[in-house]
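As structure tokens, the structure follows; a few thoughts come after it.
What follows draws every value from the coordinates through simple rules; no lab data is involved. Just so you know, these numbers come straight off a predicted model, no measurement behind them. FYI the Cβ positions are ideal-geometry reconstructions off the backbone, even for glycines, and counts take in every protein chain you see.
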Amino acid sequence: MSQSLENRPCGGRYGDIVQAIGNTPLVELKRLSPKPGVRIWAKLESHNPTGSIKDRVARAMIEDAEERGAIRPGQTILEPTSGNTGISLAMICSRKGYRLKVVMPDNVTPERTQLLKMYGAEIVYSPGDQGSNGAVAMALAMAEADASYYMPYQYGNAANPNAHYTGTAPEILRELDDDVSAFVAGLGTGGTLMGVARRFKEELGDAVKIVAAEPMQGEPVQGLRSLDDGFIPPIIDLSLLDRKIFVTNHDAIVWTRRLLDEEGIFAGVSSGAIASIAVRIAAEMDEGNVVFIVCDDGWKYLSSGLYTRPVDEIEKLDSTVWW
């Protein structure tokens, strides 16, 4: 197992903010490891420019569209989002000169709305009780009614998983000298899981297990989705997964707080859900490296009170209102 650690405090030199996407830190979480021979590593995607893993996806989708001639200068981009992809697209579109319109559930945290407006995006709200599926349906209807929009459509765009096949996965393999026993990510659009899984299976075969953290049906874990809710993103290939393990909103709350309190990781709620599964997988192993994704930081969730209220108080709140 790799014992070497490398500190890159400068993070490289880039021509602009879009080029600074990727090459995020991989940090060992020693306090959460259940066994001495098992090392748990967090891939801190919160270190991307807008604070989430979706910077990789947004850049890949826009640059792919540009290369194919699918968008023209000044065109309006339309995309359904629960927040992070929209924020990433807003930053990139503002740099590249595209207008952006996002469709987003009306019950997301105020911070997401503020960030989107800060980057100049126009927001169309979908019913919050329909979650991200409602945003997808509304955006698809808008795109069908107005052909002037270009919709990258992260749920069906091959550039989404390819961003992780060519970026996230090689970064992890390089840092751990190709020694990865298990990889855990959340089931959202499926891009992270599919891209990393495809690369890891090509490089490591069955030596690595790909594990998805999936919310139980009806559980409102922000940023993740249950396939039982009726929508399976077209980019998802379930054959690439070795396991799917259910998580609850309670798991997300408790483990988001544990990441902060025990490891100093200020993460969003989906990362707590994913961390809970990573620790569970680590407990089943005798040795090896378990890597999981910290999808975003906690800044977009501050208004929820998650980081300051007692955990037992938070658990009693209606999370469909304040997530």
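Listing 295, 93 from fewest to most neighbouring C-beta atoms within 10 Å gives 93, 295. Each stretch of four or more DSSP H residues adds -39500 (n - 2.57); spread over every residue of the chain, this sum gives -10500 deg cm²/dmol at 222 nm.
In terms of surrounding Cβ atoms within a 10 Å radius of their Cβ, 24, 85, 248 rank from fewest to most as 248, 24, 85. Compared with the dominant Cα axis of the chain, that is its longest principal axis, helix 131-145 is turned about 30°.
Overall shape of the stretch 13-79 was characterised from the C-alpha gyration tensor. The equivalent ellipsoid obtained from it has semi-axes of 35, 12, 10 Å, in decreasing order.
Here the contact order of the stretch 54-145, divided by its residue count and restricted to Cα pairs under 8 Å and six or more residues apart, works out to 28 percent.
Protection proxy ranking of 263-270, 73-80, by the mean of other Cβ atoms within 10 Å over each peptide's residues and highest first, is 263-270, 73-80. The antiparallel fraction among DSSP beta bridges confined to the chain stands at about 15%.
Translational D (Stokes-Einstein, µm²/s) of the stretch 54-145 at 4 °C and 1.567 mPa s when Rh comes from the Kirkwood sum over C-alpha pairs? After rounding, the answer is 99 µm²/s. Here the average projected area of the convex hull drawn through the C-alpha atoms of the chain stands at 15.6 nm².
Which pairs in the list 54/117; 54/101; 30/201; 54/244; 35/300; 30/209 are over 24 Å apart, alpha-carbon to alpha-carbon? From the list (54/117; 54/101; 30/201; 54/244; 35/300; 30/209), the Cα-Cα distance tops 24 Å for 30/201; 35/300. Pair-distance distribution P(r) for the stretch 163-250, from all Cα-Cα distances in 5 Å bins starting at 0: 3, 15, 26, 23, 16, 11, 6, 1 percent.
From the largest down, the stretch 185-298 spans 38, 37, 23 angstrom on the principal axes of its Cα atoms. Panel order for 255, 41, 299, by other beta carbons found within 10 Å of each beta carbon, from fewest to most: 299, 41, 255. Could you tell me how many degrees, from 0 to 90 and to the nearest 10, lie between the Cα long axis of helix 54-68 and the main elongation axis, the longest principal axis, of the Cα atoms of the chain? Approximately 50 degrees, to the nearest ten.
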